[in-house]
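**Q** This is the structure I have questions about; it appears just below.
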Amino acid sequence: MTTITLTSTTASAKSRADVLVIGVTTGSDGPMLAAGADDVDAALGGRLAATLEALGATGKPEEITKIATSGSIKAPLVVAVGLGDAPAAGAAFDLEVLRSAAGAVTRTLSGTGSVALSLPAATPAEAVAVAEGSLLGAYGFTRYRANGSVKPPVKSITVHTPVARDKSVKDGVARAEPLAEAVAFARDLINTPAADLHPADFVAAATARFKGVAGVKIEVLDEKQLAKGGYGGILGVGQGSMHPPRLLKISYAPNGAGRKTGHLALVGKGITFDSGGLSIKPNDGMTTMKCDMSGAAAVVAATLALAQTKADVRVTAYACLAENMPSGTAIRPSDVLTMYGGKTVEVLNTDAEGRLVLADGIVRASEESPDLVVDVATLTGACVVALGERTSGVMSTDDGARAAVIDAAARAGEQMWPLPLPPEMRPKLESSIADLTNVGNRWGGALTAGIFLAEFVPEGQRWVHVDIAGPAFTDKAYGYTQKGGTGAGVRTLVALAEDMAASS
């Protein structure tokens, strides 16, 4: 894992790092140096902005420009990263701009030993954002690479900030390190090919990762226990695969759990590969379906981060794990499943399987009467059509709960947007032989999926559904995000749990 340190020195030009990073903003007459670059500019004879302009730099967000220093300063290379428009006089930089810029640098500089960041970091919030973004960008998935065929992540990061000794900064970086590790764990799970991550493999990976983490209890239901317990959704989806399903429950309780604390329940869709079942997808629709367990990865990773930071809130995560495959034992369109809790569902489309496993998980999670249930899933292509590839949809029967999730996402730097659950769409799920069907018509598919899930939420239970189908996986790197699994949702869930801890 990449290491990170803070330094309060303003003499960044004396840094012995392999690369020294400065910020550049856009200006009407060319790129402008951001705070933190003065020392470097002086060492280079006051020509830094002009040199950057000559090299084509504009200061647009995440733009990377490299300058060899030729001995003018200790670091052999200066990297200027674009920050976009400078904030108004006296205002601070947008924190996500700083996260993205710092992450774009460490992502681009894979293979570098040490990087020093001299970006705008005058306030504790700015300093922590730079640290967090740089750690998130320093990621690489190398499991299947031959030795030396890919550059490893940056080894060490130093953040120059005048508030390095501020307790809130130290605390913020202490939080950012396990948070980045948790996001990396989620990304690793998502990036692992489905042949090496069946439901039992997911359980094994999670169990190993939580080994030695205080306050955590792990329970696993195998296919026999799922059958005995009546988990018809998880069993039904998984019955076409030779690799049986699992329900993984990870419980974290802070020290002194006998006292009153908030309780957050998280339910994640964990389809380790989604072929569509008998309603089979075309080949192009299957190529990234190893990522269909991103919701389960998110809830498990968020719980890991919260346990490692000893958050003062109870968290119970349920990973609903199955492989959706076509075979002679697979569920058929028109089959009826009896879900956990007793409701029956007529399956009209076996490729609408995520909501089936989530329904079991939501009912199970609600049995403990948590303060809030949040499910996270790569649930519908319709949500991607509606909101694009970087924004998650958020639905709930509780306006306050939905707003709390979206607010947490905004502060965490993840894009989420509210979507409705129109009551007039509920009749689309009517079945002539069961309590409901698993799909409606083609219109508003993301909303129909949310309405389906709402049917399994007990009266009075606060619940939020987060559809991460768009941002869970990317074929193009950006900011602090490498190609592949993104770990979408992890930071929002952590922020939400911390909000609950602060208010309890």
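Every residue, every condition in (1) of a type outside the set (Gly, Ala, Ser); (2) touching a His at 6+ places or on another chain (Cβ under 9 Å); (3) modelled with pLDDT of 95 or more; (4) in the same structural domain as GLY489 (by TED's automatic domain parsing), yes or no:
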| position | (1), (2), (3), (4) |
| --- | --- |
| GLY82 | no, no, yes, no |
| LEU98 | yes, no, yes, no |
| ARG107 | yes, no, yes, no |
| SER110 | no, no, yes, no |
| GLU126 | yes, no, yes, no |
| GLY148 | no, no, no, no |
| SER156 | no, no, yes, no |
| ASP171 | yes, no, yes, no |
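The rows are residues; the columns are (1) assigned by TED's automatic domain parsing to the domain that holds PHE473; (2) closer than 30 Å to GLY262 by Cα; (3) of a type in the set (Gly, Ala, Ser).
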{"site": "ASP360", "(1), (2), (3)": "yes, yes, no"}
{"site": "SER369", "(1), (2), (3)": "yes, yes, yes"}
{"site": "THR378", "(1), (2), (3)": "yes, yes, no"}
{"site": "GLY381", "(1), (2), (3)": "yes, no, yes"}
{"site": "VAL384", "(1), (2), (3)": "yes, no, no"}
{"site": "VAL394", "(1), (2), (3)": "yes, yes, no"}
{"site": "GLY444", "(1), (2), (3)": "yes, no, yes"}
{"site": "LEU447", "(1), (2), (3)": "yes, yes, no"}
{"site": "GLY460", "(1), (2), (3)": "yes, yes, yes"}
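**Q** Turning to a different aspect of this structure: Quick check on ARG175: is it out of contact with any Pro (no Cβ under 6 Å at 6 or more places or on another chain), modelled with pLDDT under 95 and not small (Gly, Ala, Ser)?
**A** Taking the combined requirement at face value, the residue does not satisfy it.
**Q** Another one. I'm trying to understand the selection: among the residues of segment 283-332, which are in a strand (DSSP E or B) and either in contact with a Lys or Arg (Cβ under 8 Å, 6 or more places away or on another chain) or of a type in the set (A, V, I, L, M) (or both)?
**A** VAL315, THR316, ALA317, TYR318, ALA319, CYS320, LEU321, ALA322
**Q** Could you please find all residues in segment 365-410 being in a helix (DSSP H, G or I) and over 27 Å from ALA253 (Cα atoms)?
**A** Residues satisfying the conditions are GLY381, ALA382, CYS383, VAL384, VAL385, ALA386, LEU387, ASP399.
**Q** Out of the residues in segment 459-503 that are touching a helix residue (DSSP H, G or I) at 6+ places or on another chain (Cβ under 8 Å) and among the polar types (S, T, N, Q), which is surrounded by the most Cβ atoms within 10 Å (Cβ to Cβ)?
**A** That would be THR492.
**Q** Taking interchain pairs and intrachain pairs at least six residues apart, which have beta carbon atoms under 6 angstrom, with the first residue in segment 317-338 and under 20 Å from GLY230 (Cβ atoms) and the second surrounded by fewer than 16 Cβ atoms within 10 Å (Cβ to Cβ)?
**A** Pairs found: VAL336/THR344; THR338/THR344.
**Q** Does ALA359 count as more than 19 Å from ILE271 (Cα to Cα), part of a helix (DSSP H, G or I) and either touching a residue at least 60 places away in the same chain (Cβ under 8 Å) or touching a Ser or Thr at 6+ places or on another chain (Cβ under 7 Å) (or both)?
**A** no
**Q** Also: Restricting attention to segment 283-340, report how many residues are among the β-branched types (Val, Ile, Thr), within 30 Å of ALA176 (Cβ to Cβ) and touching a Gly at 6+ places or on another chain (Cβ under 6 Å).
**A** 2
The values are calculated or read from the model by the stated rules, or taken from the named source; none is laboratory data. Given the structure is predicted, the values throughout are model-derived calculations rather than measurements. Methodologically, a virtual Cβ is constructed for each residue, glycine included, from the backbone with ideal geometry; neighbour enumeration extends over all protein chains shown.
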